[in-house]
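The values are calculated or read from the model by the stated rules, or taken from the named source; none is laboratory data. Since the model is a prediction, treat every value here as computed from it, not as a measurement. Positions of Cβ are backbone-derived with ideal geometry, glycine not excepted, and every protein chain shown enters the neighbour counts. For accessibility, only protein heavy atoms count, side chains too; no ligands or nucleic acids. Shrake-Rupley method; radii C 1.70, N 1.55, O 1.52, S 1.80 Å.
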Amino acid sequence: MQEQESGTAVGRRVLRLAPGFDPGGIKPSSVEFFLLSRIDGRTPWRVLREMGGMSVEESDLCLESWLAAGFVEVCHSDCGDQGLRRSLSCEGSTKVSDSLRVDPSLDLDLQTQRRVTELLGLLEGPDALLLGVSDEANEKDLKRAYFKLSREFHPDRYFRRNLGPYRNQIEIIFKGIQKAYENLSRPPLASSVVRDAVLRKKENGILSSDSGHSQDESTPGDFQGLRSEREQRARELMRAAAQAISQNHFSEARRCLEIVADFEPETPFLRQTLAHVRSRSVDPVEAVVKEEVGQSLFSSPSRKSETRHRYVRTG
Amino acid sequence: MGRVIGIDLGTTNSCVAVFEDGRPIVVPNSGGYKTTPSMFGVADDGKRLVGHLAKRQAITNARHTVFATKRLIGRRFDDTEAQRTLEFSPFEIVRGPNDDPRVRIGEKAFTCPEIAGIILRRMKRVAEEYLGEPVEEAVITVPAYFTDTQRQCTRDAGKIAGLEVLRIINEPTAAALAYGMTRHGDEKIAVYDLGGGTFDISILEMSSGVLEVLATAGNTFLGGEDLDRRIVTHLVQGFEKTAKIDLKGDAMALQRLKDAAEKAKCDLSVREVAEVNLPFITSSGGEPQHLNTEISRETLEDLVQDIVEETLKSVDECLADAGLSASEVNQVVIVGGQTRMPMVQEAVTRHFGRRPHKGVNPDEVVALGAVLHAHMLVEEEKELLLLDVTPLSLGISTFGGHFARLIERNTTVPVTKAHIFTTTRDDQSAVKIRVLQGESDLAEENDLLGEFILAGIPLAPKGEPEIEVSFDIDSSGMVSVSARDLATGSEQSIAVNSTSTLTSEELEQLVADHEAGEVRLKG
Ligand SMILES: Nc1ncnc2c1ncn2[C@@H]1O[C@H](COP(=O)(O)OP(=O)(O)OP(=O)(O)O)[C@@H](O)[C@H]1O
Ligand SMILES: [Mg+2]
């Protein structure tokens with residue numbers, strides 16, 4: 001099954017909407033609609049599948065089916081490397097893979113050099129894979145794995161040795177291991193910065209106040225806090241729009257989408273859908289989504305909820 | 001390359017250890033003592049005195065004998081801690097040009113890093129005389145709860161002493177390392193360290209060759225000195241009642257009282273009653289006055305009860321941060337001279353429900369751990385890996401004067417954390433990144449480590465620009481911070497290693513001065 005391998009290579013694929021794709025042609029549930037709306041040519045699969053709304057397996061299945069039907073396609077940008085580079089941005093290193101050639105002149109045995117390359121490859125994948133534990137690993141297993149890898153990759157192990165480009169990479173790996181361990185061993189909490197921001201907003205109305213103390217003027221505000229709120233709002237509106245479309249209430253859908261378009265970056269999907277509902281809302285007679293049987297894109301593994309139903313292609 | 005040493009630079013006493021015959025050992029000084037008083041003085045003839053010699057003149061030359069400057073290092077003159085020290089100090093503390101407290105002896109105002117440097121140089125010398133060869137590199141310990149500024153100043157002190165500081169490590173961590181070397185198997189360890197000036201509590205986990213610090217807490221201004229001070233106040237009040245004389249303004253009397261108070265305190269660790277006998281403490285109307293009284297253990301315990309309780313509060317905080325209950329700790333290691341007090345031992349025993357481990361020498365274990373760490377760094381054999389944490393949260397100041405934490409306290413280092421911020425005004429073209437350390441939600445209550453400005457942000461409505469602020473702590477504990485405008489890619493960063501209270505010119509000058517004054521040992 002596909003979801004088995006969706007760890008690394010598959011997870012790194014980046015999808016975009018197929019040219020000429022007409023969102024009016026399918027009738028997604030609101031969660032599927034939301035997933036579709038997040039396909040923007042930038043977000044990799046592994047992020048998309050965790051977007052929420054449905055389970056990871058369901059998301060995988062959904063994405064696979066759209067891919068198979070030609071609604072979406074894989075854009076072949078060098079995205080794996082980009083993701084990695086983003087996570088390394090603070091090191092200032094650009095091309096990881098180029099500088100990391102096996103180099104016998106370094107004070108680091110070849111086997112370890114290969115291990116470094118191997119672990120670097122796992123950094124972007126699932127945490128459990130990086131730590132080499134199963135998904136069901138308990139706290140003890142996790143700690144054992146974390147300690148074992150720490151002994152291998154903690155920078156103190158290589159104090160003052162001539163490691164060339166490997167020095168930076170070893171530190172990056174250690175940080176990655178630590179983060180993976182943190183993620184797996186604790187229930188994911190909202191970052192405290194975001195938490196603080198939300199609290200603060202309640203107290204002070206940080207967003208609305210135009211000028212605070214003159215001394216504060218140039219200190220930054222919390223972007224991620226604002227953004228997560230904005231995303232939340234966008235999500236609600238998109239769901240409402242999806243609901244409206246499925247009930248042929250195009251004017252209402254249009255209103256929702258126009259609000260979203262006001263404050264969210266425009267994705268091709270949003271643009272096309274908006275164009276679609278605009279055309280439908282001015283000409284309500286045409287606004288009929290055909291429900292006849294079309295090509296079945298995937299079959300539902302569960303009949304759990306409204307997330308599961310068949311897609312039809314019109315025309 | 002020469003040998004590496006480990007130095008426990010204490011508030012009251014310092015201790016140096018070397019690695020020999022496969023194990024760490026503490027080196028005695030020329031007087032045969034394994035610890036050296038962290039004291040510095042200038043004799044009437046202008047001669048500089050360090051250690052026991054300085055301590056010997058403390059009473060007769062109180063104004064020119066300096067002690068416990070570790071309580072001042074890395075602080076600002078106006079900090080309450082500095083002010084509290086000032087109030088009782090027999091030597092003169094003045095405001096330095098960088099708003100730092102300095103000690104004036106005669107014409108010269110000594111910075112705290114310089115005094116620490118003088119003591120470190122002495123410890124280096126002790127090791128060199130023992131080894132018969134020059135020493136260049138050291139691991140130096142600091143209280144776990146020291147801020148970045150205090151650590152940086154200690155690093156500078158190392159430089160002034162002519163040492164390359166391989167690492168600054170935490171005292172309780174060093175103690176745990178020394179303890180851990182002798183153990184096998186999995187354990188959760190608490191290290192309770194009550195010394196002369198500071199209190200630290202750390203909870204660690206040891207398993208399969210890794211010693212992981214789970215959490216650490218403490219108070220950098222709580223220790224034996226505070227107990228002494230309570231006793232002095234008690235004696236001064238008593239004397240005021242009986243002799244109607246206030247001794248507070250009399251430097252020599254205060255120094256004698258402090259000395260007597262500490263002696264009585266130590267006596268009371270083994271006795272029920274201690275005598276305080278200070279003839280000719282002062283004179284009044286031409287008549288010599290004597291102070292002669294007794295203190296019982298019970299009186300002492302009443303005087304300091306709240307200090308001991310205060311430490312237990314930190315213990316609870318630390319346990320909570322580590323996610324453990326007191327009963328889940330397998331071993332309690334007590335460190336620091338003040339833990340010899342029976343009341344402290346009883347409190348620890350009661351709190352953890354087990355007797356503390358007796359196998360380590362509370363005066364030596366920190367230095368032993370320091371040299372062990374130095375040895376593990378520079379040598380190939382890596383028996384035990386240390387995973388240490390950053391004791392205090394790091395972050396920046398945001399709109400409205402709030403503190404946004406990027407790295408929470410007790411995060412394992414090295415670590416990198418990033419978060420995206422934005423502007424708060426329309427068409428704002430620059431943001432100021434103020435790097436702070438501390439636990440208060442109010443930015444101004446935390447320690448400012450540095451600041452910089454990211455300019456050239458393209459004009460946009462407020463809330464639009466995305467500015468990624470990234471914090472990095474490397475394995476030697478150095479903090480660096482960068483801010484990047486994600487739209488333009490333009491970036492600004494600082495390495496927060498200039499947070500010492502010394503400017504780099506001052507530091508260079510001091511290093512040169514002390515280098516010149518050194519009589520070199522031939523190696
Ligand atoms: N037998 C004793 N009973 C009570 N207190 C004692 C005893 N022996 C030493 N002390 C106290 O212990 C303190 C010194 O302890 P220690 O040498 O461990 O501190 P330090 O390492 O110099 O300071 P710190 O670690 O706080 O920087 C002094 O306050 C001293 O009075
Ligand atoms: Mg100590």
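Starting from the residue with the highest accessible area, list A:D222, B:D267 in decreasing order, probe 1.4 Å.
Putting A:D222, B:D267 in descending order of accessible area: B:D267, A:D222.
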*What residues have an amide H closer than 5 Å to that of B:L214, excluding those fewer than 5 places away on the same chain, when H is modeled at 1.01 Å from N in the peptide plane?*
B:I203, B:L204, B:E205
*Summing -39500 (n - 2.57) over the DSSP H runs of n ≥ 4 in chain B and dividing by its residue number, what mean residue ellipticity at 222 nm do you reach, to the nearest 500 deg cm²/dmol?*
-10000 deg cm²/dmol
_Built amide H within the under 5 Å cut-off of B:S38, gap 5+_ = B:N13, B:S14
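Pop out the carbon and sulfur fraction of the accessible area of the stretch B:286-438 as a percent, whole number, probe 1.4 Å.
Looking at the stretch B:286-438 in its full context, I get 41 percent from C and S.
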*Filter the cross-link list A:K148/B:K417; B:K263/B:K358; B:K159/B:K358; B:K124/B:K248 down to pairs whose alpha-carbon distance in this structure exceeds 32 Å.*
B:K159/B:K358; B:K124/B:K248
*³J(HN,Hα) across the stretch B:328-344 via Karplus (A = 6.51, B = -1.76, C = 1.60, θ = phi - 60°), whole Hz, x for Gly/Pro?*
7, 7, 8, 8, 10, 9, 9, 10, x, x, 5, 6, 6, 5, x, 4, 5
_Interface residues, the stretch B:376-394 - accessible area loss of 40 Å² or more versus chain alone, probe 1.4 Å_ = B:L377, B:K382, B:L385, B:L387
*For chains A and B, what's the summed buried accessible area, probe 1.4 Å, to the nearest 100 square angstrom?*
4600 Å²
*Using a 1.4 Å probe, what is the accessible area per residue for the stretch A:89-185, in Å²?*
48 Å²
*asked:* Need one word for the stretch B:433-472: rounded, prolate or oblate. Basis is the Cα gyration tensor (sqrt eigenvalues a ≥ b ≥ c); a/c below 1.5 gives rounded, then a/b vs b/c decides.
replied: prolate
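Shielding of A:62-68 by partners, i.e. mean partner chain Cβ atoms within 10 Å per residue?
Neighbouring Cβ atoms belonging to other protein chains average 0 per residue here.
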*Do any residues of the stretch B:460-479 lose at least 50 Å² of accessible area when the full set of protein chains is present rather than just their chain alone, and if so which, with a 1.4 Å probe?*
B:K462
*Solvent-accessible area per residue for the stretch B:272-378 at a 1.4 Å probe radius, Å²?*
46 Å²
*Amide hydrogen neighbours beyond the local backbone of B:L49, cut-off 5 Å, H modeled*: B:G41, B:V42, B:A43
*Tell me, what ³J(HN,Hα) does each residue in the stretch A:172-181 have, in order and in whole Hz, if you take phi through Karplus 6.51 cos²θ - 1.76 cosθ + 1.60 with θ = phi - 60° and put x for Gly and Pro?*
5, 5, 4, 5, x, 4, 4, 5, 4, 4
*Using alpha carbon centroids, what distance separates the stretch A:152-167 and the stretch B:11-68, in Å?*
38 Å
*asked:* Counting only other chains, and only Cβ atoms inside 10 Å, what mean value do you get across the residues of B:482-494?
replied: 1
*Within the protein assembly as shown, percent of DSSP bridges classed antiparallel, to nearest 5*: 80 percent
*What's the carbon and sulfur percent of the stretch B:56-191's accessible surface, probe 1.4 angstrom, rounded to a whole number?*
44 percent
_Burial of 30 Å² or greater, the stretch A:217-247 residues [accessible area, probe 1.4 Å, versus chain by itself]_ = A:E217, A:S218, A:T219, A:P220, A:G221, A:F223, A:Q224
*For the stretch B:292-398, which GluC sites (Glu not before Pro) are both in a DSSP coil and crowded by at most 16 other Cβ atoms within 10 Å?*
B:E379, B:E380, B:E381, B:E383
*On Cα atoms only, tilt of B:112-131 relative to the major axis of chain B in degrees*: 80 degrees
*Accessible area per residue of the stretch B:118-207 at 1.4 Å probe, in Å²?*
23 Å²
_Under Karplus coefficients 6.51, -1.76 and 1.60, residue-wise ³J(HN,Hα) of the stretch B:30-46 in Hz, glycine/proline x_ = 4, x, x, 8, 7, 10, 10, x, 7, 10, 9, x, 10, 6, 4, 7, x
